[in-house]
């Protein structure tokens with residue numbers, strides 16, 4: 001029995017030992033060999049030699065779900081040779097995976113494709129940004145278009161020729177060998193447009209037409225049974241479900257960089273030529289945004305931004321000064337001024353004052369301002385809070401409010417002890433704290449949403465003004481914006497003995513006494529002083545650590561000379577942890593946080609200000625972060641970069657949720673009236689994309705009888721059923737909404753002719769006839785439709801569709817009428 005026991009133990013240990021390598025193999029990460037043809041924007045290298053591009057970044061996101069590690073395989077040579085060689089390697093199983101593969105039946109016989117695409121590419125017609133004459137595509141007018149294209153008989157040319165047939169275009173080709181030759185042909189006037197793929201970014205070109213969208217996929221070796229394609233499919237689904245805009249954001253990052261050039265439409269240029277002097281409401285005393293200086297000069301960041309707009313567009317402004325914001329808003333409502341120079345970016349405020357808002361041109365963190373002895377560490381409940389009469393905050397206040405007319409009066413009250421603290425944005429606080437009389441104040445950053453400032457535009461004015469302002473704000477460079485901010489907030493106060501004595505009366509007396517005492521004892525205490533200086537430095541550092549520990553924020557310091565980054569991580573109830581990273585040299589086999597990301601690029605750029613980005617953070621996770629950055633320079637040379645980081649994931653999610661809810665009808669959860677108007681008007685504004693589309697208005701017949709007979713609950717259920725039917729019949733790119741009551745609106749894309757539109761209208765009517773709500777309510781509807789053309793705006797198309805709807809009702813309801821936009825109101829087709 002004892003011998004049998006020893007034998008069992010021996011065989012058990014042997015089995016465990018043999019199983020160990022198997023377990024290790026099971027838990028090891030899969031290494032995937034990826035074909036890596038060097039293609040701009042797709043699979044590329046950055047200036048530091050690191051992998052970058054749309055496909056590369058998508059693969060890295062896939063790895064977050066699969067745990068894969070990658071071995072990127074490159075083949076030197078021209079791109080065509082490299083692609084051919086890598087495709088052959090994929091077919092032979094020498095590489096496991098290749099991206100940016102468009103599906104075709106022939107390729108499907110050679111490779112296995114993922115079930116889900118990871119992006120869409122379109123065929124583009126492009127012109128240089130500086131082109132004055134807009135290239136317009138009008139499917140109702142025959143035209144000849146000279147097109148710079150690469151090669152002959154290519155897929156892009158075949159797709160373009162299909163587009164030409166649809167839009168009555170006769171193409172004349174200027175054949176080129178490279179993208180550079182295409183650009184040269186257009187710039188020299190030998191071609192009107194160039195033909196390009198949406199996955200091939202050409203700097204300095206803007207898109208005037210898009211067509212033939214094509215999904216692209218990852219592909220693997222035919223018959224690969226390793227489970228790789230199944231893991232890939234699951235990861236793509238997870239990515240798209242977790243962040244539906246992930247691929248869209250990647251496309252914008254690599255193929256739609258922000259436009260840094262101001263491009264104005266013909267209507268906007270015409271407005272500028274005929275606008276004359278535009279009157280702007282400005283406050284007399286709101287530094288550093290808008291005010292009259294002691295010398296009578298007009299000053300402030302808002303006025304400097306107006307000067308920037310004037311310089312870059314040719315608009316001319318006339319300033320009209322007011323004492324209070326209410327007076328400026330009232331002047332805008334009465335059309336006495338067209339603009340309010342400086343207003344908080346708040347939708348509720350804009351509605352209440354009857355003005356429209358431009359995009360925010362300034363954003364600043366809120367600060368709590370108090371005296372050095374203010375004692376805010378024990379809380380602000382019950383303490384005296386200085387607030388301006390114009391403050392828009394509607395929430396609960398912990399302190400006891402004391403009202404003042406201006407921000408200067410608020411900060412003066414705090415400095416004199418008449419109030420304990422006040423809140424103001426960082427720009428305003430920085431402006432006043434520079435003054436000698438306010439140097440006894442301290443500022444504590446707050447975690448509230450930053451204060452945003454915009455231009456208020458009178459709603460009765462021309463909408464072109466709002467469009468011009470928004471384009472200027474979106475294209476202003478960070479250098480110009482920061483220069484405006486710095487010139488108004490970092491003004492040096494002239495030194496005078498009187499200012500010094502007023503700001504430091506007690507310190508002056510103490511200084512004089514201490515000076516004479518110091519002369520007497522200086523020689524005796526010199527050696528001891530050096531020892532104390534070291535101790536004082538240590539205490540000062542300890543004090544900074546304690547300050548960092550009070551706030552749940554990350555602070556960082558970057559040394560440009562040795563490439564070292566120091567980050568303080570807050571720790572609850574103790575000293576913050578300090579993490580030091582060395583970016584001075586590459587570390588083989590190791591990836592430090594920030595080495596390949598936008599964060600390090602931002603710091604090294606020296607672009608000071610407040611930035612928001614989505615990036616991998618030091619905790620190894622991807623977050624939305626707000627970065628406040630300031631660069632210390634020696635002359636013109638950057639020496640240190642200092643700043644802080646806030647994680648704002650919750651804030652971004654809340655903003656996205658609120659924006660989505662604001663666009664939807666509360667009952668049917670389709671677009672509401674305003675969202676429909678804006679979305680359809682946006683499509684109509686892009687004339688090339690507007691071809692082959694239609695606008696439908698639909699009323700439920702005798703809906704009042706449904707409410708009267710079955711009750712409002714059944715009526716609501718009927719409206720919900722109609723909305724679901726319309727959504728089910730909507731195609732990709734279609735817009736479905738409910739302006740109100742029993743009225744619905746449908747914007748159809750890809751409608752080629754009257755026959756197709758009649759078919760779509762008949763399908764909707766037939767679908768409603770077969771709809772049965774709550775098992776007993778039958779519904780019909782009247783439909784009015786109109787083809788959309790580039791010559792008509794939303795309001796005109798809506799009116800034509802409404803007239804067609806009226807004709808349907810007069811003809812007995814339960815049918816449709818189609819109005820031709822180029823015809824008179826009574827020229828209708830029906831069914």
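For region 455-469, the candidate set comprises residues that are at pLDDT 90 or above and touching a strand residue (DSSP E or B) at 6+ places or on another chain (Cβ under 9 Å); within that set, the residue that is surrounded by the fewest Cβ atoms within 10 Å (Cβ to Cβ) is 466.
Per the conditions (1) more than 20 Å from residue 458 (Cα to Cα); (2) surrounded by 19 or more Cβ atoms within 10 Å (Cβ to Cβ); (3) modelled with pLDDT under 90; (4) touching a strand residue (DSSP E or B) at 6+ places or on another chain (Cβ under 6 Å), the sole criterion not satisfied by residue 285 is (2). Being in contact with a helix residue (DSSP H, G or I) (Cβ under 6 Å, 6 or more places away or on another chain), over 27 Å from residue 475 (Cα atoms) and surrounded by 14 or more Cβ atoms within 10 Å (Cβ to Cβ), is that true of even one residue in region 239-256? Yes, there is a match, as at least one residue in region 239-256 is in contact with a helix residue (DSSP H, G or I) (Cβ under 6 Å, 6 or more places away or on another chain), over 27 Å from residue 475 (Cα atoms) and surrounded by 14 or more Cβ atoms within 10 Å (Cβ to Cβ). In the set (1) at pLDDT 75 or above; (2) within 30 Å of residue 743 (Cβ to Cβ); (3) out of contact with any helix residue (DSSP H, G or I) (no Cβ under 9 Å at 6 or more places or on another chain), residue 657 fails one condition alone, (1). Within region 580-608, residues that are modelled with pLDDT of 75 or more have Cβ atoms under 7 Å from residues that are in a helix (DSSP H, G or I) in these pairs: 607/478; 608/482, counting only partners at least 6 apart in sequence or on another chain.
Yes/no matrix, rows are residues, columns are (1) under 14 Å from residue 304 (Cα atoms); (2) in the same structural domain as residue 412 (by TED's automatic domain parsing); (3) modelled with pLDDT under 60:
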position: 475; (1), (2), (3): no, no, no
position: 480; (1), (2), (3): yes, no, no
position: 483; (1), (2), (3): yes, no, no
position: 497; (1), (2), (3): no, no, yes
position: 501; (1), (2), (3): no, no, yes
position: 508; (1), (2), (3): no, no, no
position: 511; (1), (2), (3): no, no, no
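Filtering 361, 329 for residues that are crowded, with 19+ Cβ neighbours inside 10 Å, within 17 Å of residue 283 (Cα to Cα) and in contact with a helix residue (DSSP H, G or I) (Cβ under 6 Å, 6 or more places away or on another chain) leaves a single hit, 329. The set of residues in region 65-86 that are without any contact (Cβ under 8 Å) to a residue 12 or more places away in the chain and in a helix (DSSP H, G or I) comprises 80, 81, 84, 85. When 328, 307, 360, 332 are checked against the criterion of being assigned to a helix (DSSP H, G or I) and either free of Cβ contacts under 8 Å to residues at least 24 places away in the same chain or within 24 Å of the chain's Cα centre (by Cα) (or both), a single residue qualifies: 307. Selection of helices (runs of 4 or more DSSP H) fully inside region 386-487 by the criterion of at least 2 residues being within 28 Å of the chain's Cα centre (by Cα) and over 16 Å from residue 367 (Cβ atoms) returns 463-475. The set of residues in region 237-269 being under 30 Å from residue 615 (Cα atoms) and not in a helix (DSSP H, G or I) consists of 243, 244, 245, 256, 257, 258, 259, 260, 261, 262.
For region 789-812, the count of residues that are closer than 22 Å to residue 723 by Cα, in contact with a strand residue (DSSP E or B) (Cβ under 8 Å, 6 or more places away or on another chain) and not in a helix (DSSP H, G or I) is zero. Annotation: residue 302 fulfils all but one of (1) in a helix (DSSP H, G or I); (2) in contact with a helix residue (DSSP H, G or I) (Cβ under 9 Å, 6 or more places away or on another chain); (3) crowded, with 21+ Cβ neighbours inside 10 Å; the unmet one is (2).
The condition of being in a helix (DSSP H, G or I) and in contact (Cβ under 8 Å) with a residue 24 or more places away in the chain holds for only one of 219, 209, 234, that being 234.
For every residue, the table says whether it meets (1) touching a strand residue (DSSP E or B) at 6+ places or on another chain (Cβ under 9 Å); (2) within 16 Å of residue 210 (Cα to Cα); (3) buried (at least 17 other Cβ atoms within 10 Å of the Cβ).
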site	(1), (2), (3)
65	no, no, no
74	yes, no, no
92	yes, no, no
96	yes, no, yes
101	yes, no, yes
118	yes, no, yes
142	yes, no, no
153	no, no, no
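All of (1) under 18 Å from residue 679 (Cβ atoms); (2) assigned to a loop (DSSP other than H, G, I, E, B); (3) touching a strand residue (DSSP E or B) at 6+ places or on another chain (Cβ under 8 Å) hold for residue 745 with one exception: (2).
The values are calculated or read from the model by the stated rules, or taken from the named source; none is laboratory data. Only a predicted model underlies this, so the values are computations on that prediction, with no experimental measurement involved. So basically every Cβ, Gly included, is an ideal-geometry build from the backbone, and we count neighbours across all protein chains shown.
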